[in-house]
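Undergrad: Can you keep this structure in mind? I'll have questions shortly.
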């Protein structure tokens, strides 16, 4: 993805390590947001690994003119990233019935992702999202957020954040690159 041979790269430890014990379910309805009903939980039946899958389902919503769309999901543990450093964000996700922009995440450390980033509908198939990007110079500690925005269900699994280093160093700065496979 970066055009660098893999043997020159090194990944640091996972700084996110989402587990059922360190996530916080959360939703925005009322007070400026549309009405909606959600179900949030751990889905062991869909798990790709032994930890379990974060599941967020929007059961119904009522669009209301002038209000922000309702949303719900999971906050991960608060993390701090070194400013101007290169990091990898990776996770698997699967959607059913949400359509495009029905699932997304909030990870404000990267300049290209200062607001919600919306994911493509997978129509029931697991996809991996991988982002390698430079952390902004003025980043602050934050809580990553994985969310649902439309009626349907989204599953998130194996989310991780790791610092990327090169054995012989590299210039700092640049734009973020991401792929979905």
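Undergrad: Of 165, 122, how do they rank once you tally other Cβ atoms within 10 Å and put the fewest first?
TA: Fewest-to-most ranking of 165, 122: 165, 122.
Undergrad: Compute the normalised compactness of the stretch 6-180: alpha-carbon radius of gyration over 2.2 N^0.38 Å, N being the residue count.
TA: 1.06
Undergrad: Hey, fewest Cβ within 10 Å first, where do 135, 130 land in order?
TA: With the sparsest Cβ surroundings first, the list reads 130, 135.
Undergrad: Would you kindly state how much longer the chain becomes between residue 15 and residue 137 on full extension, computed as 0.36 nm times their sequence separation minus their alpha carbon distance, in nm to one decimal?
TA: Extra length available between residue 15 and residue 137 comes to 42.0 nm.
Undergrad: If packing is taken as the mean number of other Cβ atoms within 10 Å per residue, what is the order of 32-42, 58-68, highest first?
TA: Working: 32-42: 15.7, 58-68: 12.3.
Ranked from most to least packed, the peptides come out as 32-42, 58-68.
Undergrad: Shifting gears a bit: In which sequence would 126, 155 go, from the one with the fewest C-beta neighbours within 10 Å to the one with the most?
TA: Going from least to most buried by this count: 126, 155.
Values quoted throughout were computed directly from the atomic coordinates according to the rules given, and no laboratory measurement underlies them. As the structure is a prediction and not an experimental result, all values here were calculated from the model. For neighbour counting, all protein chains shown are included, and Cβ atoms are generated from backbone atoms with ideal geometry for every residue, glycine included.
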